[in-house]
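Undergrad: The structure follows.
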Amino acid sequence: MERSTNAVVTAWGVTVNPGDYVIADASAVIFIAAADIEQVLEVAESIATREAGMAKAILAGVPSAK
């Protein structure tokens, strides 16, 4: 039953405001404040770019660091 729309809620001790981001899968639930989303996306894109470079190097036969 829906009790409200665009309301502040608390889930697992975390306050979630309207406009915040919630990402969930079988292993975790992540809450990202709307004010932080740009920074989170920048870091995620940086990590994805670095990992893509690492995968390309591995496929090219470059040994990975120990």
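Undergrad: Scan region 31-46 and report the pairs whose first residue is touching a residue at least 12 places away in the same chain (Cβ under 8 Å) and whose second residue is in a helix (DSSP H, G or I), with Cβ atoms within less than 8 Å and a gap of 6+ or a chain change.
TA: Correct list of pairs: ILE32/VAL40.
Undergrad: In addition: Of the numbered conditions (1) part of a helix (DSSP H, G or I); (2) surrounded by 10 or more Cβ atoms within 10 Å (Cβ to Cβ), GLU38 satisfies every one except a single condition; which is it?
TA: The single condition GLU38 does not satisfy is (2).
Undergrad: Do we find that SER46 is part of a helix (DSSP H, G or I), modelled with pLDDT of 95 or more and of a type outside the set (A, V, I, L, M) in this structure? So that I can check it myself, show each step before the final result.
TA: On the way: part of a helix (DSSP H, G or I): yes; modelled with pLDDT of 95 or more: yes; of a type outside the set (A, V, I, L, M): yes.
So SER46 fits the description; yes.
Undergrad: Quick one: in region 1-31, which of the residues that are loosely packed, with under 10 Cβ neighbours inside 10 Å and of a type in the set (Ser, Thr, Tyr) is farthest from LEU41 (Cα to Cα)?
TA: By that ranking, first place goes to SER4.
Undergrad: Being of a type in the set (D, E, K, R) and touching a residue at least 12 places away in the same chain (Cβ under 8 Å) is the filter here, so list the residues in region 1-26 that pass it.
TA: ASP20
Undergrad: Considering ALA7, ALA65, ALA26, ALA52, which residue is out of contact with any helix residue (DSSP H, G or I) (no Cβ under 6 Å at 6 or more places or on another chain), part of a helix (DSSP H, G or I) and among the aliphatic types (A, V, I, L, M)?
TA: Exactly one of ALA7, ALA65, ALA26, ALA52 is out of contact with any helix residue (DSSP H, G or I) (no Cβ under 6 Å at 6 or more places or on another chain), part of a helix (DSSP H, G or I) and among the aliphatic types (A, V, I, L, M), namely ALA52.
Undergrad: Could you pull out the residue among GLY13, GLY61 that is modelled with pLDDT under 95, at positive phi and under 20 Å from the mean Cα position of the chain (by Cα)?
TA: On the way: GLY61 fails: under 20 Å from the mean Cα position of the chain (by Cα).
The match here is GLY13.
The values are calculated or read from the model by the stated rules, or taken from the named source; none is laboratory data. Owing to the predicted nature of the structure, the values given are computational and were not obtained by experimental measurement. For neighbour counting, all protein chains shown are included, and Cβ atoms are generated from backbone atoms with ideal geometry for every residue, glycine included.
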